[in-house]
Amino acid sequence: MDDRLRATIGQARKGDAEGFRALLKAYGPRLYGYFFRATGRHHDAEDLLGEMMLRLVRRLKSYDERGRFDQWLFRIAANMVRDRIRRRRAAPNVLSFTAADEDAPSPDEQVPGREPPVESGVLAEEVTADLQQALERLEPTTRQMVLLRHFGQMSFKEIAGMFGCPLGTVLARVHRGLRKLRELMGDEHDPA
Amino acid sequence: MNMILREEQYERIARWLDGETVDLTSDEQAAAREMRERENLLSERLDVHAAPEVFARIERRVGAELARPRVRWVWAGAAVAAAAAVVLAALWFLRTEDVSPTPAPGGGLAHATHQELFAALHASTDAGELDLVDRDLSELEADVLVIQAATAEDLRLKALEREIEEFWLDHSPTLKPIEG
């Protein structure tokens with residue numbers, strides 16, 4: 001961990017708002033992106049990021065500085081996403097849970113009156129609805145792994161530790177997930 | 001490229017992609033290259049930019065959370081200070097009034113004992129004003145008690161919340177795959 005990050009965490013641990021502002025500035029965009037891509041909704045992304053920051057206010061003292069800070073953050077974030085998805089699934093008369101096939105509609109797609117991913121307050125050029133729809137068709141664990149690779153900048157080994165599965169399995173899932181994304185987005189003209 | 005790889009090959013490629021020194025076969029190298037290309041391509045599209053007001057709203061939530069306990073202590077301190085001020089005012093009032101039926105030797109109320117002050121308070125003929133002070137004291141005391149009770153309750157809730165969170169984090173060392 002670099003000295004600047006250590007100082008910022010130290011500042012935040014003392015309850016200094018400036019320290020939390022710096023953490024939000026440093027990690028907020030990545031966390032927001034992760035939450036949005038994982039849930040498909042800007043409203044959920046903002047809500048989860050806010051909740052995450054409040055959790056930090058209360059739990060930053062328990063962070064063990066020996067571990068990588070962003071891995072710690074994204075582990076919490078992944079747990080929050082998992083809980084949010086479970087809560088959505090538990091909503092009666094909204095979702096069908098019988099689909100185990102990756103080609104089946106995702107829970108998000110089954111929500112009646114589902115909001116399109118475009119919402120106010122987001123720069124229009126950043127909206128990639130096709131990508132979001134493709135992501136939502138991935139099996140949830142595979143989607144999480146793909147997103148944690150990008151937003152959490154996590155190694156395969158770290159993801160394997162987080163999900164409690166073998167290293168080779170993580171790579172195989174991510175590999176298949178990436179291939180499927182390209183197919184779904186209609187740009188499978190891979191020179192490789 | 002749709003080559004079939006075995007689990008141990010995937011593991012070797014993963015270790016190589018993580019930066020370890022691993023000798024890959026040509027098939028494994030091709031798969032690793034393909035993985036990297038696909039990840040890079042996806043990375044260009046994945047980032048999402050939230051509007052600045054999103055972060056401003058979150059900053060306000062964090063600020064409010066940080067300020068909450070301090071505000072409580074400020075209010076509790078203010079109530080105690082107000083109560084002390086009323087007590088001092090009452091003492092000052094007793095001192096300026098000739099309330100002692102039998103002045104203490106030396107003539108001043110400053111030398112009166114607590115018992116004498118108590119007796120003087122009860123013997124006072126200006127019962128209306130004393131009642132007013134008494135009522136003010138009671139109200140302030142009630143305010144302080146309410147604040148103290150709220151703080152204790154909040155502390156209990158906070159402790160419970162912490163325990164739940166710690167349990168939640170301690171018991172999820174690994175993320176179980178979400179069933180599809």
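List of remarks:
- Here the convex hull built on the C-alpha positions of the range A:128-192 has a volume of 88 cubic angstrom per residue.
- Of the residues B:A81, B:L42, B:A64, the one whose Cα sits farthest towards the positive end of the charge dipole of the range B:12-83 is B:A81 (charges of +1 on Lys and Arg Cβ, -1 on Asp and Glu Cβ, taken about the Cα centre).
- Estimated inter-spin distance, B:E37 and B:M3, nm [label 7 Å along Cα→Cβ]: 1.3 nm
- Derived scalar couplings ³J(HN,Hα) [the range A:50-67; Karplus, 6.51 cos²θ - 1.76 cosθ + 1.60; whole Hz; x for Gly, Pro]: x, 4, 4, 5, 5, 4, 4, 4, 8, 10, 4, 4, 7, 6, 8, 5, 6, x
- Reach of A:K14 by Cα under 21 Å, taken over lysines that are not fewer than 8 positions away in the same chain: A:K25, A:K61, B:K158
- Buried accessible area, chains A and B (both chains, 1.4 Å probe, Å² to nearest 100): 6000 Å²
- Per residue of B:37-46, other chain Cβ atoms within 10 Å of the residue Cβ number 6 on average.
- Solvent-accessible heavy-atom area per residue, rounded to whole Å², over the range B:1-61 at 1.4 Å: 61 Å²
- Alpha carbon centroid spacing (whole Å) that separates the range B:1-62 from the range A:40-91: 21 Å
- Reciprocal mean inverse distance between Cα atoms of the range A:1-90 - Kirkwood radius, Å: 13.5 Å
- The loop-placed GluC sites (Glu not before Pro) in the range B:13-75, going by DSSP, that have at most 12 neighbouring Cβ atoms within 10 Å of their Cβ come out as B:E20.
The values are calculated or read from the model by the stated rules, or taken from the named source; none is laboratory data. Note that the structure is a prediction, hence the values are computed from the model and not measured. Positions of Cβ are backbone-derived with ideal geometry, glycine not excepted, and every protein chain shown enters the neighbour counts. Protein only, heavy atoms only, side chains kept; ligands, DNA and RNA dropped before computing areas. Shrake-Rupley method; radii C 1.70, N 1.55, O 1.52, S 1.80 Å.
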